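Novice: Here it is, the structure, as structure tokens.
Any read-out appearing in this document is the output of simple, stated calculations on the displayed coordinates, not a laboratory observation. What you see is a predicted model; the values in this text were computed from it and never measured. Every residue, glycine as well, gets a Cβ built from its backbone with ideal geometry; the counts of neighbours run over all protein chains shown.
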Amino acid sequence: MRVAQQLFNITFNECIPLDCIVELTSKCNLDCIHCYVVKSCDTLPTDFWKSVFLELRDIGCLYLTLTGGEIFLRNDIFEVISFARNLGFCVTLFTNGTLLDEEKIKTLKKLNIYELHISLYSLNEEEHNSVTGDKRSFRKTMKAIHLAVKNKLPLVIKTPLLKSNFPNYKGIVKFAKRLGVRYILDPLITPKSNHDLAPQKYRISVDNLIKFYSDGEIFVKEYLKANNNKENFICSAGRNLISISSNGLVYPCLQFPVVLGDLKKSKLKDILSDKNNLIRKLRNIQPERDFYYCYKMCSYREFCLRCIGIVYLENRSIYSSTSSCCQLARVRKEVYYKKKKGALPWETIYA
Ligand code: SF4
Ligand code: SF4
């Protein structure tokens, strides 16, 4: 077994937060139509984050992802990244790229970050800008992408798939390949963290989901993810993954905004201790008991990437099924049978 997998398994079983996603600010200079972040003016000071990073290091965290809002709106961002790197964290940054110039890119290079994820919605300027709501964003983002490539930063181009950009997603794949960088295409648009379902109206249609998962390259990747074991529905959230919001609240995952505690009032190790009722409840989930329908009754289960966070955001409960996950699972099953077996296992799947 690979070392990374072993590390994952140990921390998962021992509930050590190997991964932490930190939302350094909810402020953003763009206004993307599908964004899940609820904006507020809650930027905590540098020293707060430094002490949180020290706590994270002491309880075994290794991978730190810094996200926003837009993290480069913070004046202290390089001090924060540098502090995290000096503590030995593998640091990944999520950004829209619009505030990055050559000097900043060179500084990031020196800081030896693990990955830089830049969101790009289209290679068509107008289409990209119509998602971000800023007419100058495409040029700035493209400039950052080219600077990152020129300076050999570990760049990842990230593209949420929306109704508007879906027809042209293959262009982004070709572009990323030409640049020799990793890309992520994500068809799952989540509700806002306050349960507002508005972003979901931008989701691609079922027909386009089928086209997407049937795409040769995507199919291979996605097929590998389908699984049918018991652990299927027990994810890392609250076990070896946690997330911290820009106002210091601790969540099991950024996609699962149940408040476990407040770092302005409590220590992280106390928030994550088994004495915390919520943490205990989360870690004691038994799929066959708690997700009875999904686990015992559903014929799509082995194709389902059921996300407890999305279930919670859509239903305000973690126990039911949820339309987004069900729809994806159906599509994945259909594509699987068409590709692997040459026929559908049922006559009409959407009846
Ligand atoms: S399945 Fe959902 S809640 Fe669990 S770690 Fe993944 S995104 Fe977070
Ligand atoms: S497809 Fe829907 S009902 Fe089936 S396991 Fe997934 S979330 Fe549950």
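Novice: What residue among ASN277, ASN86, ASN240 shows peak mean-square fluctuation when the chain is described by a Gaussian network model with Cα springs under 10 Å?
Specialist: Fluctuation is largest for ASN86.
Novice: Which whole-number percent is the relative contact order of the chain (Cα, under 8 Å, 6+ apart)?
Specialist: Working: 584 pairs, mean separation 59.2, N = 351.
RCO, the chain: 17 percent.
Novice: Tell me the relative contact order for segment 53-170 as a rounded percent, counting alpha carbon contacts under 8 Å between residues six or more apart.
Specialist: Once normalised by length, the contact order is 25 percent.
Novice: Suppose we flag chymotrypsin sites (Phe, Trp or Tyr not before Pro) only when DSSP calls them loop and at most 12 other Cβ atoms lie within 10 Å. Which is the longest uninterrupted stretch of the chain? Write out the running numbers ahead of the final one.
Specialist: Details: sites that count: TRP346, TYR350.
Of all site-free stretches, the longest is 1-345.
Novice: With label points built 7 Å along Cα→Cβ from the Cα atoms of MET1 and LYS39, find their separation and express it in nm.
Specialist: Roughly 4.5 nm, to one decimal.
Novice: Still on this structure, please answer the following. Given the pairs LYS27/LYS150; LYS39/LYS170; LYS163/LYS338, which span a C-alpha to C-alpha distance of over 27 angstrom in this model? Let's see the in-between values first.
Specialist: Working: LYS27/LYS150 29 Å; LYS39/LYS170 32 Å; LYS163/LYS338 24 Å.
Where the Cα-Cα span goes over 27 Å, the pairs concerned are LYS27/LYS150; LYS39/LYS170.
Novice: Just to be sure I understand the model, the point goes 7 Å from the Cα along the line to the Cβ. What's the resulting ASN13 to LYS281 distance in nm?
Specialist: 2.8
Novice: When every alpha-carbon pair in segment 281-346 is counted, what percent end up more than 16 Å apart?
Specialist: Summing the P(r) tail past 16 Å for segment 281-346 gives 50 percent.
Novice: Quick check on the chain: helices-only [θ] at 222 nm, where DSSP H runs of length 4 and up contribute -39,500 (n - 2.57) each and the sum goes over total residues. Nearest 500, please.
Specialist: On the way: 14 runs with 134 residues, N = 351.
Mean residue ellipticity, 222 nm, calculated: -11000 deg cm²/dmol.
Novice: What are the extents of the Cα atoms of the chain along their three principal axes, listed from largest to smallest and rounded to whole Å?
Specialist: If we take the Cα atoms of the chain, the spans are 58, 52, 41 Å.
Novice: How high is the relative contact order of segment 236-351, given as a whole-number percent (alpha carbon pairs under 8 Å, six or more residues apart)? Present the calculation step by step, with values, prior to reporting the outcome.
Specialist: Values: 123 pairs, mean separation 18.4, N = 116.
Answer for segment 236-351 is 16 percent.
Novice: Residues of segment 31-72 with amide nitrogen under 17 Å from the 7 Å Cα-to-Cβ point of GLU127?
Specialist: The answer is 33-34.
Novice: Divide, for segment 23-72, the radius of gyration over alpha carbons by 2.2 N^0.38 Å, where N is the residue count.
Specialist: On the way: Rg = 12.8 Å, N = 50, 2.2 N^0.38 = 9.7 Å.
This ratio for segment 23-72 stands at 1.32.
Novice: While we're here: In segment 234-303, what is the count of Lys pairs whose alpha carbons are under 20 Å apart, counting only pairs at least 8 residues apart or on separate chains? Don't skip to the end; give the middle numbers.
Specialist: Values: LYS264/LYS275; LYS265/LYS275; LYS267/LYS275; LYS267/LYS281; LYS269/LYS281.
Taking the Cα cut-off of 20 Å, the pair count is 5.
Novice: Right, another one. Give me the base-10 log of I(q)/I(0) for segment 231-335 at each q in 0.13, 0.15, 0.25 Å⁻¹, Debye formula, one uniform scatterer per Cα, rounded to two decimals.
Specialist: Taken in order of the listed q values, log10 I(q)/I(0) reads -0.50, -0.64, -1.36.
Novice: Continuing with this model, one more query. Taking every pair of alpha-carbon atoms in segment 69-161, what share in percent sits in each 5 Å bin, from 0 to the bin with the longest distance?
Specialist: Per 5 Å bin, starting at 0, the Cα pair percentages come out as 3, 14, 25, 25, 17, 10, 5, 1, 0.
Novice: Using a 7 Å offset from the Cα along the Cα-to-Cβ direction at both LYS150 and ASP101, what is the distance between the two label points in nm, to one decimal?
Specialist: 1.3
Novice: Please compute P(r) over all alpha-carbon pairs of segment 1-107, binned at 5 Å starting from zero, and give each bin as a whole-number percent.
Specialist: Final binned percentages: 2, 11, 21, 21, 17, 13, 9, 5, 1, 0.
Novice: Top mean-square fluctuation among LYS281, LYS340, LYS158, Gaussian network model of the chain, C-alpha springs under 10 Å?
Specialist: Fluctuation is largest for LYS340.
Novice: Let me ask something else about it. Provide the FRET efficiency to the nearest 0.05 for the LYS296-ASP58 pair, computing r from the beta carbons and using R0 = 51 Å. It would help to have the intermediate numbers written out before the result.
Specialist: On the way: r = 41 Å, r/R0 = 0.80.
Using R0 = 51 Å, I get an efficiency of 0.80.
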